[in-house]
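Trainee: Pasting in a structure now, in structure tokens, and then I'll have a few things to ask.
The values are calculated or read from the model by the stated rules, or taken from the named source; none is laboratory data. Predicted, not measured: the structure shown is a model, and the values here were computed from it. Neighbour counts run over all protein chains shown; Cβ positions are idealised from the backbone, glycine included.
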Amino acid sequence: MKLNHSNTVVHPYILLFISILAIAISSIMIKSSNTPPSVAGMYRLYITVLIMLPFVSWKRLRLSRLTLSDWSLVLSAGFFLGLHFLFWMESLSYTSVASSMVILTLQPLFVMIGSYYMFKERVNKRMVLSMIAAVFGSIIIAWGDIGVSREALIGDALSLLGTVSIAAYMLAGQKVSHKIPANVYSVIVFFIGGSVMLIYSLMNNASLTDYSSSDWMYFVLLAIIPTIFGHFIFNMLLKSIGATTVSVGVIGEPVLAIILAYFILGEAVTASQIIGGFLAIAGMGFYFWVKSKDHSRSF
């Protein structure tokens, strides 16, 4: 499915907002569950694959004519996706939603650097400044939540590893996005990512079946909300707006997550989080405005 400004019914930025909201909901769901993160992540991806399989045309994959190099990128993407879920979901066991999410917002900086070297993608000064403003806003959001305890540092380190992993996943996906349909690509990388977490769960003797009906419903909801409406939409957007722009949208995730955590988990919202939230949203908005103007000039 090809998405661009001219032939899609829904504007890519609207789809991006929907996907970010879906991802933000996942942090609340994970924080509210006591199931092992690796098991939850494994079932999240495997159930997504089962849901999407009936809608995948494998004939289109045969027609794609992927090279060995392309396949290595697809396999690497799945591996990095598994690592991202493993590290990030585990980080929520050690630190708060806000602290983990703010580190995740460093993702566009890693992706921007990678895009420069991989795709020769250049950004102007206004884009860089708006991105920095948005990231700075995210730092302000989590300023009061930054801890120096051993557990907080472990959680932050895991979140950082998850951020690097998702940046690598996005870049690999953009590299092959013009050669393979997004739904086919997603099913493959989701299956590989789930398998990474399956191996980790088996190595740590985690139970794969001893869960309540509410836990299984939680796994299904993780598959539908943040994976199909989140990561699958991300994969669709890689071809039309690129990994950097998708990653900039992720900066809005902590803002939405904090709002949801306030209403659902009862977590307090501080003045610094409000100020940082406005700065993050303003920086994102300016980035998208500049990007849209540059896009319109290219036609």
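Trainee: What number of residues within the stretch 17-49 are closer than 20 Å to Leu208 by Cβ and charged (D, E, K, R)?
Mentor: The qualifying residues number 1.
Trainee: I'd like to check something: does the stretch 126-138 contain any residue that is part of a loop (DSSP other than H, G, I, E, B) and modelled with pLDDT under 80?
Mentor: Taking the stretch 126-138 as the starting set, the residues that turn out to be part of a loop (DSSP other than H, G, I, E, B) are none.
Scanning the stretch 126-138 turns up no residue that is part of a loop (DSSP other than H, G, I, E, B) and modelled with pLDDT under 80.
Trainee: How many residues are of a type in the set (S, T, N, Q), over 30 Å from Arg65 (Cα atoms) and crowded, with 17+ Cβ neighbours inside 10 Å if we restrict to the stretch 181-217? First the steps, then the outcome.
Mentor: Narrowing the stretch 181-217 to residues of a type in the set (S, T, N, Q): 183, 186, 195, 201, 204-205, 207, 209, 212-214.
Among the residues that remain, those that are also over 30 Å from Arg65 (Cα atoms) are: 201, 204-205, 207, 209, 212-214.
Subset that is crowded, with 17+ Cβ neighbours inside 10 Å: 201.
Here the count works out to 1.
Trainee: Of these, Ala77, Ala40, which one is within 25 Å of Ser99 (Cβ to Cβ) and not polar (S, T, N, Q)?
Mentor: Working: Ala77 fails: within 25 Å of Ser99 (Cβ to Cβ).
Only one candidate passes the filter, namely Ala40.
Trainee: Filter the stretch 60-119 down to the residues that are buried (at least 21 other Cβ atoms within 10 Å of the Cβ), under 16 Å from the mean Cα position of the chain (by Cα) and not in a helix (DSSP H, G or I), then identify the one that is modelled with the highest pLDDT.
Mentor: Thr105
Trainee: Quick check on the stretch 93-110. Is at least one of its residues within 24 Å of Val176 (Cα to Cα) and of a type in the set (Phe, Trp, Tyr)?
Mentor: Yes, because at least one residue in the stretch 93-110 is within 24 Å of Val176 (Cα to Cα) and of a type in the set (Phe, Trp, Tyr).
Trainee: Let me ask something else about it. Residues in the stretch 182-200: is at least one part of a helix (DSSP H, G or I), more than 26 Å from Ile224 (Cα to Cα) and at pLDDT 80 or above? It would help to see each step written out before you state the result.
Mentor: So in the stretch 182-200, the residues part of a helix (DSSP H, G or I) come out as 182-200.
Then drop every residue that is not more than 26 Å from Ile224 (Cα to Cα), which leaves none.
No, the stretch 182-200 has no match at all.
Trainee: With free of Cβ contacts under 8 Å to residues at least 60 places away in the same chain and among the charged types (D, E, K, R) as the only criterion, which of Asp210, Asp215 stands out? Spell out how you get there, then give the answer.
Mentor: On the way: Asp215 fails: free of Cβ contacts under 8 Å to residues at least 60 places away in the same chain.
Step by step, each of Asp210, Asp215 is checked, and only Asp210 is free of Cβ contacts under 8 Å to residues at least 60 places away in the same chain and among the charged types (D, E, K, R).
Trainee: Can you tell me which of (1) assigned to a helix (DSSP H, G or I); (2) over 16 Å from the mean Cα position of the chain (by Cα); (3) of a type outside the set (D, E, K, R) is the one Ser27 doesn't meet?
Mentor: Every listed condition holds for Ser27 apart from (2).
Trainee: Separate question: Which one of Leu221, Leu256 is within 20 Å of Leu21 (Cβ to Cβ), among the hydrophobic types (A, V, I, L, M, F, W, C) and under 15 Å from the mean Cα position of the chain (by Cα)?
Mentor: On the way: Leu221 fails: under 15 Å from the mean Cα position of the chain (by Cα).
So the residue among Leu221, Leu256 that is within 20 Å of Leu21 (Cβ to Cβ), among the hydrophobic types (A, V, I, L, M, F, W, C) and under 15 Å from the mean Cα position of the chain (by Cα) is Leu256.
Trainee: A further question on this structure: Please enumerate the residues belonging to the stretch 230-268 that are under 25 Å from Val49 (Cβ atoms) and either touching a Lys or Arg at 6+ places or on another chain (Cβ under 6 Å) or modelled with pLDDT under 80 (or both).
Mentor: Once the filter is applied, which keeps residues that are under 25 Å from Val49 (Cβ atoms) and either touching a Lys or Arg at 6+ places or on another chain (Cβ under 6 Å) or modelled with pLDDT under 80 (or both), the stretch 230-268 yields only Glu253.
Trainee: Look through the stretch 30-53, keep the residues that are assigned to a helix (DSSP H, G or I) and modelled with pLDDT under 85, and return whichever of them is farthest from Phe232 (Cα to Cα).
Mentor: Step one: list which residues in the stretch 30-53 are assigned to a helix (DSSP H, G or I), which gives 30-31, 37-53.
Right, trim to modelled with pLDDT under 85 and you get 30-31, 37.
On the way: Ile30: 19, Lys31: 22, Pro37: 20 Å.
Only one residue tops the list, namely Lys31.
Residue-by-condition table, conditions (1) buried (at least 17 other Cβ atoms within 10 Å of the Cβ); (2) under 22 Å from Pro36 (Cβ atoms):
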{"position": "Ile224", "(1), (2)": "no, yes"}
{"position": "Asn235", "(1), (2)": "yes, no"}
{"position": "Ile241", "(1), (2)": "yes, no"}
{"position": "Gly252", "(1), (2)": "yes, no"}
{"position": "Phe263", "(1), (2)": "no, no"}
{"position": "Ser272", "(1), (2)": "no, no"}
{"position": "Gly285", "(1), (2)": "no, no"}
{"position": "Lys293", "(1), (2)": "no, no"}
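Trainee: Identify all residues within the stretch 65-115 that are farther than 21 Å from Ile28 by Cβ and not hydrophobic (A, V, I, L, M, F, W, C); write none if there are none.
Mentor: Arg65, Thr67, Ser69, Asp70, Ser72, Ser76, Gly78, Gly82, Pro108, Gly114, Ser115
Trainee: In the stretch 153-179, what count of residues is obtained for those that are of a type in the set (Val, Ile, Thr), more than 13 Å from the chain's Cα centre (by Cα) and at pLDDT 90 or above? Quick ask: steps written out before the conclusion?
Mentor: First, pick out the residues of the stretch 153-179 that are of a type in the set (Val, Ile, Thr): 154, 163-164, 166, 176.
From what is left, the residues that are more than 13 Å from the chain's Cα centre (by Cα) are 154, 176.
Keeping just the survivors that are at pLDDT 90 or above gives 176.
So the count comes out to 1.
Trainee: Go over the candidates Thr209, Thr227 one by one and state the one that is outside any helix (DSSP H, G or I), modelled with pLDDT of 90 or more and among the β-branched types (Val, Ile, Thr).
Mentor: The match here is Thr209.
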